[in-house]
Amino acid sequence: MVLAPLSATAQQTLAPVAPEIEQALGRITKHAPVVKAMEGIKGSSVRMFEEQVRISEVPAPPFKEQARAAYYLSKVKEAGLTDAAIDTEGNVIGVRRGTGKGPKLVVAAHLDTVFPEGTDVKVREKGGRYYGPGIGDDAAGLATLLTALEHLNKSGVRTIGDIVFVGTVGEEELGDLRGMKALFRDHKDIDGFISLDGVGLGRIVNAATGSHRFMVSFKGPGGHSFSAFGLPSAIHAMGRAVAKIGDLVPPSNPKTTFTVGTVRGGTSVNAISGDATIGIDVRSNSQEELVKFVEKVMAAIHEAVADENNRWKTKAQITVDIKQVGDRPAGSISADAKIVQAARATFTAIGATTRSMEASSTDSNLPINLGVPAITLSSSGQAGGSHSLGEWYAPVNNTLGVQNILLLSLALAGVEGVSEPVLEKRTPRQ
């Protein structure tokens, strides 16, 4: 996630947090077991970061998160959740039961990283920074959830709603939110969702940047560059397509973007190419505009193939196969939604501020698109170089994020005898 600071104008448009949410949080923060949990979290900085490093050093390449999932499951159980398992897609799911009279809240962080199998994930310290691929994204989120769960259980706080702790798979790269799609396919009764992703306390993602991704393969007869000259070329067709796509103009509001991110094909410098493939990524903050722009991209591809075939006018033709390899839905929830207001209130409660409200592509895309109240927050600490081999993290005030997710979860789920849930129980989806 790359998030810009909230502008002064945007800050002024945020309505005050509803009094009932402020009052609920005020009662929760004074509840003795919660006070105990918050104090315990303060003293857990070193141990929490040590766990973050251990998590980071368990490889979790795209589609190969099994080792980290197994480790994380063991830690979830160790933190006190016996009702925990790995589902059929590979998500780690642990349920902390409430009284049975409240909503079901999911708090999640993703297990996978962008780094391929074989990447050296050993964490190394240099100048107060700890370098390691995935150390912040999202080992920080996973460690934050574990620490919150541990102190929640130690405190004995009894919630009204269920809080479900989840380590998801498939958030990065071509994972296409497969973990989230399985979670919401198998659990129709989720009433609210919070994702922890990245580092930078004070950010709220309440809008989902959707994306469609495609692998486009051009096929032709191929042949020698001299003796077979006159045949259409798969690479030439691909080049025409890239040029046409590059000339398209997407809307700036809602922000819509595109890129031809990968190109490959051909066998020899002196051959008419018989194959070529491009990878395309189209994104938008609007599902409607996303679909519209994809249609333009598809039209450009087919026009390019027709142009190449018409150029040579032979019986041998270029054909194209378009395979969609990614579908992340777009959407948004109101800045006045209760889950957003509650997040703003908990920032204030721990002495932080709401620094930005943004659109991004995260695990929250799916529930937002389904109409389930959902936001993505970031863990605390300092970090940089996300998605690079030079990714680093510094555990500065790293427990603030734990306190934040603990208070927010309690406010949304409700605390027995103290505060009713801020999160509303929904009719289960069909």
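Only the coordinates and a few stated rules stand behind these numbers; no lab work does. Not measured: the values here are computed from a predicted model. Here the Cβ positions follow ideal geometry from the backbone for every residue, glycine too, while neighbour counts run over all protein chains shown.
Computed over neighbours whose Cβ is under 10 Å from that of VAL372, the net charge equals +1, Lys and Arg +1, Asp and Glu -1. The GluC sites (Glu not before Pro) found in the range 113-169 that occupy coil by DSSP, while having at most 15 further C-beta atoms within 10 Å, are GLU117. Given the options PHE214, THR314, LEU248, identify the residue whose Cα lies farthest towards the positive end of the charge dipole of the range 210-328 (+1 on Cβ of Lys, Arg; -1 on Cβ of Asp, Glu). My answer, from the dipole projection, is THR314. Checking the a/c ratio against 1.5 first, then a/b against b/c, what shape does the Cα gyration tensor give for the range 262-326? Oblate, since a/c reaches 1.5 and b/c is not below a/b. When the chain is treated as a Gaussian network with alpha carbon springs shorter than 10 Å, the biggest mean-square fluctuation among GLY161, GLY141, GLY384 belongs to GLY384. Expressed per residue, the C-alpha convex hull volume of the range 288-336 stands at 67 Å³.
With contacts defined as alpha carbon pairs under 8 Å and 6 or more residues apart, what's the relative contact order of the chain in percent? Display every interim value, and only then the final one.
On the way: 1023 pairs, mean separation 108.1, N = 430.
The value is 25 percent.
Quick one: grab the alpha carbon gyration tensor of the range 331-426, order the square roots of its eigenvalues as a ≥ b ≥ c, and give me rounded if a/c is under 1.5, else prolate or oblate depending on whether a/b is larger than b/c. Oblate shape, in that a/c is at least 1.5 and b/c is the bigger or equal ratio. Result for the chain in a Gaussian network model with C-alpha springs under 10 Å: among ALA343, ALA84, ALA359, the largest mean-square fluctuation is at ALA84. Kindly state, to the nearest 0.05, the FRET efficiency for PHE229 paired with LYS181, given R0 = 41 Å and r defined as their beta-carbon distance. After rounding, the FRET efficiency stands at 0.25. For the chain, a crude dipole built from +1 on the beta carbon of Lys and Arg and -1 on the beta carbon of Asp and Glu, taken about the Cα centre, is about 160 debye to the nearest 20.
Sequence gap at least 6, Cα distance under 8 Å: using those rules, report the relative contact order of the range 126-261 to the nearest whole percent. This gives 18 percent for the range 126-261.
Between ASP162, ASP197, ASP247, the residue with the greatest mean-square fluctuation in the GNM of the chain (Cα pairs under 10 Å linked by springs) is ASP247. Given axes a ≥ b ≥ c from the Cα gyration tensor, I'd like to know whether the range 210-328 is rounded (a/c under 1.5), prolate (a/b larger than b/c) or oblate. It is prolate, given that a/c is not under 1.5 and a/b is the larger ratio. Take ASN253, project a point 7 Å from its Cα along the Cβ direction, then tell me which residues of the range 280-317 have their backbone nitrogen under 15 Å from it. Output list for this probe position: 285-286.
For the range 36-106, build the charge dipole from Cβ charges (+1 Lys, Arg; -1 Asp, Glu) around the Cα centre, then report which of SER74, ALA37, ALA85 sits farthest towards its positive end. Checking the options against the dipole of the range 36-106, the answer is ALA37. Taking the Cα centre of the range 210-328 as reference, the dipole from Cβ charges on Lys and Arg (+1) and Asp and Glu (-1) amounts to some 120 debye.
DSSP assigns beta bridges within the chain; of those with both partners inside it, close to 70 percent run antiparallel. Near VAL157: Cβ cut-off under 14 Å, other residues only, Lys/Arg at +1 and Asp/Glu at -1. The net charge is +3.
Please give me the summed charge of the neighbours of TYR393: other residues whose Cβ is under 15 Å from its Cβ, Lys and Arg +1, Asp and Glu -1.
Result for the neighbourhood of TYR393: -3.
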